[in-house]
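Quick notes on the structure that follows.
The values are calculated or read from the model by the stated rules, or taken from the named source; none is laboratory data. Source: prediction; values computed, not measured. Counting neighbours? That spans all protein chains shown, and the Cβs are built from the backbone with ideal geometry, glycine included.
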């Protein structure tokens, strides 16, 4: 079945790009307008992107997670949404300049390499849709945490080496970054536990058992273990700080591996169509 | 009628001359009042700080009144005019406006971008305004200068970077811990540097502050001054276990903090991050401490390097600040131009009304042939005709970007600055 021209997706990409430009301006220059404009443009981009996802969903009669392209677009949307939520919660706009390039990259990937025909996957019901969607939300939260922890590590290195440079003063304080990372991971863990729970229900309906030993399932539990360990060490005196951030950043490679290699080549029933 | 400035500052005069020409707050108000009273300025304001003494005023634009202001300053301070040669600067119109905006923005300060001057400009203005020494022009000018100062501070990073060693240390502390109100600090050594650091910590809202010194009395004094808690020198190991920021500024050649003592403290504090600021010369903290996990150590040289970088960064912000100033200078010029054109039109209307009264007065006999109601109607029609004739030219003048120049031409054309017309009933009708 032919997909409609992704007008909304292109518009969303343009709005994300404009928002990114404002975030970068906010990072390098003083003044409130750039920050406010960045957030407003991001909200507009999210709404437009939502319509792009809706358009795609109507054409394939399902939430667009069946192939890597739709799933990438959905991940980009959740990434932007998670970032915006953390921005409002922590009242900190400096990180937009680092989070939005990832959103644009994912959406751009979808726009550039997406095939003209979208695969028609069998409908599996709303619980299945919830299972996949919440897991993608978890991936987006882990992605944001990865960005925050990398910036924490860069700051830690700059301060430790006594070479702060002009850039350091434009970033959020390390304590705030640590808190933002922890909150991102918390959101990811909650979403993933919920997503896995939904997956068990689907599995039970399809195969009669709650847990299949699929590589995707195993790596999801590994992700849970890694990020739970991070949350624990981030509060432990001996590990908090750079070591905990390093663990958070390293855990993200498990997420990337799960989303790409496992989904494309290793998994049986978690494979993209 | 234009803005005039006469002043000296840290660039044009040495500290001795600046001290002689300094105006106390009372003197500043008194001098401004006298300048107005003597008719040398229509509005006047004296801005005097440790780095500058400047007189701002509105003058009619003749050199006589400007020379009069200079003579007044010399006599006020008892200074020979010859002593001021080359030290005084004079600015008129747009140049004077630009100068004040640069002062308020901190561009003319000894330490580029310092924020204190904006408060001093505000205080001087409010005091002069309360005394009724300012008028529409200086009110507008000084309000605009306050806006410029605020914009420069919020829209550029001119005042953002720390320009002293303790201030740079505090900025770093905030970069590590965020808001310092949830953190604690210990100042070891209550000498000059320690006292500065303690004041900075207090100003940044540090949650809890301890001061320890080998002489307990000095620790107590500094703690009292900064709202901290004095601590005996023997309790330094305990302070290391409690405080998130430790500032040392202690005399002597031995390490005040050794690697072993800090390692023990880190164990007690559960490896929580600690920021050590060594302001001592020679150094007080063993540099090997920096290798311990979650310890950030900065010395005077490291902080001085940051201050140097900041100075450069501030200089890079100057073009941005100049752009804001240029924008406000244009705005003020436009306002002044429009305001002067408006005032000229009001004067022109007044003059035409007086001319009408004069005309009617000279033709009283002819007019008295009409009944009173008809006479009133004729005068009202004359007023209507006058308004009708003035309406379009007035609108064109107010919209014209060169309104100020046109207004000057209008004043010359209708002799608005010439002898005043007397109301009818006087013998000659005009002033001699």
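Conditions (1) assigned by TED's automatic domain parsing to the domain that holds residue B:341; (2) touching a residue at least 12 places away in the same chain (Cβ under 8 Å); (3) in a helix (DSSP H, G or I); (4) surrounded by 15 or more Cβ atoms within 10 Å (Cβ to Cβ), marked per residue:
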site: B:358; (1), (2), (3), (4): yes, yes, yes, yes
site: B:366; (1), (2), (3), (4): yes, no, yes, no
site: B:370; (1), (2), (3), (4): yes, no, no, no
site: B:377; (1), (2), (3), (4): yes, no, yes, no
site: B:380; (1), (2), (3), (4): yes, no, yes, no
site: B:383; (1), (2), (3), (4): yes, yes, yes, no
site: B:388; (1), (2), (3), (4): yes, no, yes, no
site: B:393; (1), (2), (3), (4): yes, no, yes, no
site: B:396; (1), (2), (3), (4): yes, no, yes, no
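Does residue B:293 count as crowded, with 22+ Cβ neighbours inside 10 Å, in contact with a helix residue (DSSP H, G or I) (Cβ under 8 Å, 6 or more places away or on another chain) and modelled with pLDDT under 95?
Values: crowded, with 22+ Cβ neighbours inside 10 Å: no; in contact with a helix residue (DSSP H, G or I) (Cβ under 8 Å, 6 or more places away or on another chain): yes; modelled with pLDDT under 95: yes.
Spelling it out, it is not the case that residue B:293 is crowded, with 22+ Cβ neighbours inside 10 Å, in contact with a helix residue (DSSP H, G or I) (Cβ under 8 Å, 6 or more places away or on another chain) and modelled with pLDDT under 95.
Sort through A:81, A:105, A:74, A:40 and tell me the only one that's modelled with pLDDT of 85 or more, crowded, with 16+ Cβ neighbours inside 10 Å and over 21 Å from residue A:223 (Cα atoms).
Numbers: A:105 fails: crowded, with 16+ Cβ neighbours inside 10 Å; A:74 fails: over 21 Å from residue A:223 (Cα atoms); A:40 fails: crowded, with 16+ Cβ neighbours inside 10 Å.
From the options A:81, A:105, A:74, A:40, the qualifying one is A:81.
Among the numbered criteria (1) within 30 Å of residue B:102 (Cα to Cα); (2) within 14 Å of another protein chain (Cβ to nearest Cβ); (3) modelled with pLDDT of 90 or more, which single criterion is violated by residue B:153?
Going through (1) within 30 Å of residue B:102 (Cα to Cα); (2) within 14 Å of another protein chain (Cβ to nearest Cβ); (3) modelled with pLDDT of 90 or more one by one, residue B:153 breaks only (3).
Can you pull out the residues in segment A:168-189 that are over 23 Å from residue B:169 (Cβ atoms) and in contact (Cβ under 8 Å) with a residue 60 or more places away in the chain?
Looking only at segment A:168-189, we keep the residues that are over 23 Å from residue B:169 (Cβ atoms), and these are A:179-189.
Answer for segment A:168-189, where residues must be over 23 Å from residue B:169 (Cβ atoms) and in contact (Cβ under 8 Å) with a residue 60 or more places away in the chain: A:179, A:180, A:181, A:183, A:184, A:185, A:187.
Which strands (runs of 3 or more DSSP E) sit wholly inside segment B:37-96 and have at least 2 residues that are surrounded by 19 or more Cβ atoms within 10 Å (Cβ to Cβ) and in contact with a helix residue (DSSP H, G or I) (Cβ under 7 Å, 6 or more places away or on another chain)? Please lay out each step first, then the result.
Working: elements: B:43-48, B:52-59, B:89-92.
Filter on segment B:37-96 gives B:43-48, B:52-59.
Could you tell me whether residue B:136 is more than 14 Å from every other protein chain (Cβ to nearest Cβ) and buried (at least 17 other Cβ atoms within 10 Å of the Cβ)? Give the steps one after another, and end with the answer.
On the way: more than 14 Å from every other protein chain (Cβ to nearest Cβ): yes; buried (at least 17 other Cβ atoms within 10 Å of the Cβ): no.
Judged against the criteria, residue B:136 is not a match.
Can you pull out every residue in segment B:319-332 that is surrounded by 16 or more Cβ atoms within 10 Å (Cβ to Cβ) and more than 11 Å from every other protein chain (Cβ to nearest Cβ)?
Looking only at segment B:319-332, we keep the residues that are surrounded by 16 or more Cβ atoms within 10 Å (Cβ to Cβ), and these are B:320-322, B:324-325, B:328-329, B:332.
Selection gives B:322, B:325, B:328, B:329, B:332.
Quick grid of which residues meet (1) under 23 Å from residue B:10 (Cβ atoms); (2) assigned by TED's automatic domain parsing to the domain that holds residue B:143; (3) without any contact (Cβ under 8 Å) to a residue 12 or more places away in the chain:
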{"residue": "B:23", "(1), (2), (3)": "yes, yes, no"}
{"residue": "B:31", "(1), (2), (3)": "yes, yes, no"}
{"residue": "B:47", "(1), (2), (3)": "yes, yes, no"}
{"residue": "B:53", "(1), (2), (3)": "yes, yes, no"}
{"residue": "B:62", "(1), (2), (3)": "no, yes, yes"}
{"residue": "B:65", "(1), (2), (3)": "no, yes, no"}
{"residue": "B:90", "(1), (2), (3)": "yes, yes, no"}
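If I go through segment A:26-48 residue by residue, how many of them are free of Cβ contacts under 8 Å to residues at least 24 places away in the same chain and either closer than 21 Å to residue B:320 by Cα or within 14 Å of chain B (Cβ to nearest Cβ) (or both)? Steps first, answer last, please.
Initially, segment A:26-48 is screened for residues free of Cβ contacts under 8 Å to residues at least 24 places away in the same chain, giving A:29-34, A:36-37, A:40, A:47.
Next, only the ones that are either closer than 21 Å to residue B:320 by Cα or within 14 Å of chain B (Cβ to nearest Cβ) (or both) stay: A:29-34, A:36-37.
Number of matching residues: 8.
Within segment B:172-246, considering only strands (runs of 3 or more DSSP E) that don't extend past its boundaries, which have at least 2 residues that are within 37 Å of the chain's Cα centre (by Cα)?
Of the strands (runs of 3 or more DSSP E) lying wholly inside segment B:172-246, those with at least 2 residues that are within 37 Å of the chain's Cα centre (by Cα) span B:184-188, B:208-212.
I'd like to know if segment A:170-187 contains one or more residues that are in contact with a strand residue (DSSP E or B) (Cβ under 7 Å, 6 or more places away or on another chain), within 14 Å of another protein chain (Cβ to nearest Cβ) and surrounded by fewer than 17 Cβ atoms within 10 Å (Cβ to Cβ). First the steps, then the outcome.
Of segment A:170-187, the ones in contact with a strand residue (DSSP E or B) (Cβ under 7 Å, 6 or more places away or on another chain) are none.
No, there is no match, as no residue in segment A:170-187 is in contact with a strand residue (DSSP E or B) (Cβ under 7 Å, 6 or more places away or on another chain), within 14 Å of another protein chain (Cβ to nearest Cβ) and surrounded by fewer than 17 Cβ atoms within 10 Å (Cβ to Cβ).
Residue-wise test of (1) modelled with pLDDT under 90; (2) within 29 Å of the chain's Cα centre (by Cα); (3) assigned by TED's automatic domain parsing to the domain that holds residue B:105; (4) surrounded by fewer than 22 Cβ atoms within 10 Å (Cβ to Cβ).
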residue	(1), (2), (3), (4)
B:277	no, no, no, no
B:280	yes, no, no, no
B:283	yes, no, no, yes
B:288	no, no, no, yes
B:298	no, no, no, no
B:307	yes, yes, no, yes
B:316	yes, yes, no, yes
B:337	yes, yes, no, yes
B:340	yes, yes, no, yes
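So which residues in segment B:253-295 are within 12 Å of chain A (Cβ to nearest Cβ), part of a helix (DSSP H, G or I) and within 14 Å of residue B:243 (Cβ to Cβ), if there are any at all?
B:266, B:268
Just to be sure before I move on: is residue B:160 within 14 Å of chain A (Cβ to nearest Cβ) and surrounded by 18 or more Cβ atoms within 10 Å (Cβ to Cβ) in the structure I sent?
No.
Looking only at segment B:181-199, filter to residues that are more than 19 Å from residue B:301 (Cβ to Cβ) and without any contact (Cβ under 8 Å) to a residue 40 or more places away in the chain; which one of those is farthest from the other protein chains (Cβ to nearest Cβ)?
That would be B:190.
So, of the residues in segment B:221-252 that are within 13 Å of residue B:295 (Cβ to Cβ) and more than 14 Å from chain A (Cβ to nearest Cβ), which turns out to be surrounded by the fewest Cβ atoms within 10 Å (Cβ to Cβ)?
Per the stated criteria, the residue is B:240.
Name the residue, out of A:252, A:265, that is in contact (Cβ under 8 Å) with a residue 24 or more places away in the chain and either more than 29 Å from residue B:275 (Cα to Cα) or away from chain B (no Cβ under 14 Å) (or both). Quick ask: steps written out before the conclusion?
Details: A:265 fails: in contact (Cβ under 8 Å) with a residue 24 or more places away in the chain.
Only one candidate passes the filter, namely A:252.
Considering only residues that are facing another protein chain (nearest Cβ under 8 Å) and either in contact with a strand residue (DSSP E or B) (Cβ under 6 Å, 6 or more places away or on another chain) or crowded, with 19+ Cβ neighbours inside 10 Å (or both), which ones fall in segment A:219-238? Quick ask: steps written out before the conclusion?
Looking only at segment A:219-238, we keep the residues that are facing another protein chain (nearest Cβ under 8 Å), and these are A:237-238.
None - no residue of segment A:219-238 is facing another protein chain (nearest Cβ under 8 Å) and either in contact with a strand residue (DSSP E or B) (Cβ under 6 Å, 6 or more places away or on another chain) or crowded, with 19+ Cβ neighbours inside 10 Å (or both), so the list stays empty.
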